[in-house]
Amino acid sequence: MHHSTKRHPRAGRSRQLRSVAVALAAVLGLGACATDPAALHVSDSAHNTTGAEGVSDAPAAELVYERLSDPPRTVVKDGSGQVVATFTDGARTVVVTGPERTFEEPTATEATVTTTNWVRLAPREWSKGAERDDWFQPWFDAIRQSKAKDVLGIAFEYVQGAPDGKKDGLRIKGDASFGPPNKTGSGRLEANDFYDYLGIDWRFPDVGLERAEARRYGSLDCSGYWRMVLGYRMGLKLRGSNDAGPGLPRRAYAIAKHGPGVVVVPDKGRTATDYDALQIGDLVFFQTENGGVLDHMGMYLGIDSFGRHRFLSSRAGANGPTMGDIMGTSVLDDDGFYSRGWYTARRL
């Protein structure tokens, strides 16, 4: 693999002052109102290579920016060669090294996921050489010191037993169901978006006003779950339709096809096995029925304590968001129901 290495000095003071508003806005937009503990355990590690707050001990002047390929990306390392962050061209999702933490859901699985990767959302899509842009250094300095919850921390605020949290009197987090029971008594209704969970009407730029249904209050289907986390909570632009256009479409198949970011595991019409292409925080998509359509989605969590590639999703069998193994294991590589149905992945 060919790549070039270069050193990038800390941006000048005047550049930081010009960009401080952008940096602060980006930081404040990450994990807003996410100060209550989620259903996860965060532990320190003697082997952690970062400082107490997840900030590398190496001075910023010693950071090295390496260009890698497949996919094109910039990997940031400190003076000791430890990875500090990874930026993928065309994506806003950034993986930043921070304190070690462990995700667990003991009522649904014995597996845990321990990681030092924190998934942040940059204010704009990455491109080659963006570390020299005015916005970058103030934002990067701030995000490496941020104590705000990241994408995964916010996502776990909706699993079973997660405590409620309100903002301006509106319940914006807490244990979510997948959807209300069908009238037949078999299964649960789909089509539960973030505004259904919130219980408020929402106006989208492409389809206009959508009204929340009372029976769907507190519910998030598989794509509605990630629209809540990435859209409503983290500020990613949302669409009301499944058509191509700026923002996150409504359904799983449309997000896989038209969503922002870049495809990291192409859909070849069969079970995918490109595990090495995945990065924590990637969206993974599944074909679980015989209709030939990607009908389920989740987020990749990384390698679990049993050595499996585990994901987090909202599904009917578990009645809501879970990393667990109720009505199917939440892994990509065990030849189970979801493993066989995994077809593609996208990095937002």
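Here are the numbers:
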quantity: Residues satisfying the stated conditions in the stretch 242-253, i.e. closer than 17 Å to H296 by Cα and either among the polar types (S, T, N, Q) or in contact with a helix residue (DSSP H, G or I) (Cβ under 8 Å, 6 or more places away or on another chain) (or both); calculated: N242, L248, P249, R250, R251, A252
quantity: Top-ranked residue in the stretch 71-83 [being assigned to a loop (DSSP other than H, G, I, E, B) and over 17 Å from S127 (Cβ atoms); ranked as least open to solvent (accessible area, probe 1.4 Å)]; calculated: D78
quantity: Unique match (being on the phi > 0 side of the Ramachandran plot and either part of a loop (DSSP other than H, G, I, E, B) or open to solvent by 40 Å² or more (accessible area, probe 1.4 Å) (or both)) among D325, D335; calculated: D335
quantity: Filter pass, P266 being within 30 Å of G208 (Cβ to Cβ) and touching a residue at least 60 places away in the same chain (Cβ under 8 Å); calculated: no
quantity: Complete set of residues in the stretch 280-302 that are of a type outside the set (A, V, I, L, M, F, W, C) and assigned to a loop (DSSP other than H, G, I, E, B); calculated: G281, D282, Q287, T288, E289, N290, G291, G292, D295
quantity: Pair list, Cβ under 8 Å, 6 or more apart: the stretch 290-317 residue in contact (Cβ under 8 Å) with a residue 12 or more places away in the chain and closer than 21 Å to G218 by Cα, other residue among the basic types (K, R) and open to solvent by 10 Å² or more (accessible area, probe 1.4 Å); calculated: A316/R188
quantity: Filtered residue count, the stretch 84-109, keeping only those that are open to solvent by 40 Å² or more (accessible area, probe 1.4 Å) and either touching a residue at least 24 places away in the same chain (Cβ under 8 Å) or under 22 Å from A130 (Cβ atoms) (or both); calculated: 4
quantity: Residue in the stretch 337-347 that is out of contact with any Gly (no Cβ under 6 Å at 6 or more places or on another chain) and within 24 Å of P180 (Cβ to Cβ) present; calculated: no
quantity: Cβ pairs under 9 Å, 6+ apart, first in the stretch 67-83 and more than 12 Å from V96 (Cα to Cα), second open to solvent by 50 Å² or more (accessible area, probe 1.4 Å) and in a strand (DSSP E or B); calculated: R67/T5; R67/K6; P71/V263
quantity: Residue list for the stretch 197-237, restricted to those being within 21 Å of M299 (Cα to Cα) and free of Cβ contacts under 8 Å to residues at least 40 places away in the same chain; calculated: Y197, R227, G231, K237
quantity: Every residue from the stretch 296-322 that is open to solvent by less than 10 Å² (accessible area, probe 1.4 Å) and over 26 Å from R73 (Cα atoms); calculated: S313, S314, R315, G320, P321, T322
quantity: Total residues in the stretch 280-289, condition of a type outside the set (A, V, I, L, M, F, W, C), touching a residue at least 40 places away in the same chain (Cβ under 8 Å) and open to solvent by 10 Å² or more (accessible area, probe 1.4 Å); calculated: 2
quantity: Matching residues, the stretch 275-293, being at negative phi and over 19 Å from the mean Cα position of the chain (by Cα); calculated: Q287, T288, E289, N290, G291, V293
quantity: Residues that are of a type outside the set (S, T, Y) and part of a strand (DSSP E or B), drawn from the stretch 303-317; calculated: I303, H309, R310, F311, L312, R315
quantity: Within the stretch 169-279, helices (runs of 4 or more DSSP H) holding 2 or more residues that are farther than 22 Å from G341 by Cβ and open to solvent by less than 50 Å² (accessible area, probe 1.4 Å); calculated: 194-198
quantity: Condition met for F156 (modelled with pLDDT of 95 or more and more than 12 Å from Y225 (Cα to Cα)); calculated: no
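Here is a yes/no grid of residues against (1) modelled with pLDDT of 95 or more; (2) outside any strand (DSSP E or B); (3) acidic (D, E):
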| site | (1), (2), (3) |
| --- | --- |
| F87 | yes, no, no |
| V94 | yes, no, no |
| P99 | yes, no, no |
| P106 | yes, yes, no |
| E110 | yes, yes, yes |
| T114 | yes, no, no |
| K128 | yes, yes, no |
| Q137 | yes, yes, no |
| K147 | no, yes, no |
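The values are calculated or read from the model by the stated rules, or taken from the named source; none is laboratory data. As the structure is a computational prediction, the values presented were derived from the model and not from experiment. Virtual Cβ from ideal backbone geometry, glycine too; neighbours counted across all protein chains shown. The protein model used for the area step is the full one, side chains on, heavy atoms only, and it has no ligands, DNA or RNA in it. Shrake-Rupley method; radii C 1.70, N 1.55, O 1.52, S 1.80 Å.
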